[in-house]
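All remarks here apply to the structure that follows.
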Amino acid sequence: MSYIAAVVTSPSYIATLGAIIDAHARLGEVFATNPALGDYARMQTELRLLAAEPGPIALVGGRRFAADATLAETDDPRFIFLPSFQLVDPDAMAGLPSGFAPLHAWLREQNAKGVDIGACGASVFHLAAAGLLDGRAGAVGARLVPAMRRLFPRVSVDPDNVITHAGNIWTCSRDADSAALVARLFAESYSIAVGRGIAAREPPGPLAAALASAADPFVARAQLWIRDRFTRRFRIGDLARDLGVSHQSLIRRFRAVGSATPREFVQRTRVDSAMIMLTETRRSVTEIAQLVGYTDIPSFRRVFFAAVGMSPAAYRRAHRAARPEGA
């Protein structure tokens, strides 16, 4: 079973914890709107909410609930996300290393296995306390910069960039941009196709980098229309009609923003979905081709090779070999 770990320090801000919960749900929506792909559960991707210290998880405002598992019961997640938590006094971070020693040891262990780890807001202190930011840049909010520099002088504090990425360690200084960090973690730990699927349903903004939506809102709507139907038989004329424009006008709008044509976007979306299933399921190449909308298997192989630079079978071998054991 492949899973994602969200490690929550109490009291957690709801918005940043919600970013990972919502992103996981939106990934499921991609499959729900394309029935031919079958049950999303077959992807065997689960989200587990873990408590950073023993006991229930608490949210700001006082709500509490039980964690899904303990750190000791959790190993080799596909990626780890640490949402921001309420920190009234940044100087209180002086006691962080001793109070969360089991968490920091667990983070070091997962980092050594190559697991991607991202933290937002005050949770960046956990990465620093675990030694994962030594000699690396970390995005730190302005209010937390003095405490970070005083307590962890080996961290290269970056107050200017909202999101930083060094190796498999990610930091985000602004809670409002946690959705962009989460989308990029999905793209990094699964595939760019997964990140695109999430970002298309709720664009996380420009900090999502290559996952950001098209500059033209019309083109963004057209792309989402395609993503919701790409496994079905339809004509580009159907898309133009539903959006209230001519076929040629639709093509011009796509080209004006430097995007692929609508037909090319359909092909790319089908290839993206095939890439996910090649790494996340045991379905055959033939079955995957049919599920993403191809009735002619040789045609699927040609389109896939043109987009990815290798055959579907070679892509599956390469990406399964690159995944950490157990993921």
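What follows draws every value from the coordinates through simple rules; no lab data is involved. Predicted, not measured: the structure shown is a model, and the values here were computed from it. Methodologically, a virtual Cβ is constructed for each residue, glycine included, from the backbone with ideal geometry; neighbour enumeration extends over all protein chains shown.
Can you tell me the alpha carbon radius of gyration of the range 2-189 divided by the globular rule-of-thumb value 2.2 N^0.38 Å? All intermediate terms of the calculation are to be shown ahead of the outcome.
Numbers: Rg = 16.1 Å, N = 188, 2.2 N^0.38 = 16.1 Å.
That ratio works out to 1.00.
Cβ under 9 Å from Leu278's Cβ, Leu278 left aside: what net charge do those residues give with Lys, Arg +1 and Asp, Glu -1?
Details: positive: Arg283, Arg316, Arg320; negative: Glu280.
Taking every other residue near Leu278 into account, the sum is +2.
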Taking only C-alpha pairs under 8 Å that are 6+ residues apart, what is the relative contact order of the chain in percent?
-> 16 percent
Non-local amide H neighbours of Ser259 (under 5 Å, H modeled in plane, Pro and chain starts lacking H): which ones?
-> none
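Would you mind telling me the antiparallel percentage of the DSSP bridges in the chain, rounded to 5?
Numbers: 8 of 30 bridges.
The antiparallel fraction comes to roughly 25 percent.
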Starting from the Cα-Cα distance between Gln86 and Phe65, subtract it from 0.36 nm times their residue separation and give me the gain in nm to one decimal.
-> 5.9 nm
Given that just one value was derived from the coordinates, which of (i) 68, 37, 36; (ii) 85, 45, 31; (iii) 62, 38, 37 is Cα extents along the principal axes in Å?
-> (iii)
Value at 222 nm in deg cm²/dmol, rounded to 500, when DSSP H runs of n ≥ 4 in the chain each add -39,500 (n - 2.57) = -13500 deg cm²/dmol
Working out 0.36 nm times the residue gap between Asp160 and Asp75, then minus their Cα-Cα distance, what length gain in nm do you get to one decimal?
-> 27.2 nm
